[in-house]
1. Given the criterion surrounded by fewer than 15 Cβ atoms within 10 Å (Cβ to Cβ), at pLDDT 95 or above and under 19 Å from the mean Cα position of the chain (by Cα), identify the matching residue among 141, 120.
2. For segment 95-117, what are the residues that are surrounded by 11 or more Cβ atoms within 10 Å (Cβ to Cβ) and more than 23 Å from residue 140 (Cα to Cα)?
3. In segment 36-52, what residues are surrounded by fewer than 18 Cβ atoms within 10 Å (Cβ to Cβ) and over 19 Å from residue 161 (Cβ atoms)?
4. May I ask you to verify whether residue 86 is surrounded by 13 or more Cβ atoms within 10 Å (Cβ to Cβ) and either out of contact with any helix residue (DSSP H, G or I) (no Cβ under 6 Å at 6 or more places or on another chain) or within 24 Å of residue 152 (Cβ to Cβ) (or both)?
């Protein structure tokens, strides 16, 4: 007759660990959902302050088109789209040490830099359209969700393209 011994202390510790990990994951998911909801609400309010329907902030790509139209010019929206398409299709990849970039990789890299410059300028134009300065521009570049909430829920008023 064989006897089976179980290590209940180890099993209980493992169950406790899994329960704690599950609880932590649930908290992270709830915080993430709240964060996304706050950002959606902030963007909705920004669009409303700019005289647009808040619902327009929910539609991908179109929301950027509307933002460009309110703070800068839609021409730059189309330039950004073309630049990003070139970057996507050329996909500049790491070049091995000592190797040179192909012409397509160079084009993609230049387009990527140009797209980043336009992103910075869009944030500057957005800050200016709401009466804010360069400090706010830096906030929009590096901490965009926080500064979007400040624009949406704060006292900033839309003043139009500057």
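The values are calculated or read from the model by the stated rules, or taken from the named source; none is laboratory data. Predicted model, so just to flag it, every value in this text is computed and none were measured. Heads up, the Cβs are rebuilt from the backbone with ideal geometry, glycines too, and the neighbour counts pull from every protein chain shown.
1. Only one candidate passes the filter, namely 120.
2. Within segment 95-117, 95, 101, 102, 104, 105, 106, 107, 108, 109, 110 meet the criteria.
3. Hits for segment 36-52 are 36, 37, 38, 39, 40, 41.
4. no
Matching residues to (1) in contact with a helix residue (DSSP H, G or I) (Cβ under 7 Å, 6 or more places away or on another chain); (2) farther than 24 Å from residue 131 by Cα; (3) modelled with pLDDT under 95; (4) assigned to a helix (DSSP H, G or I):
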residue	(1), (2), (3), (4)
12	no, yes, yes, yes
18	no, yes, yes, yes
27	no, yes, no, yes
37	no, yes, yes, yes
44	yes, no, no, yes
51	no, no, no, no
64	yes, no, no, yes
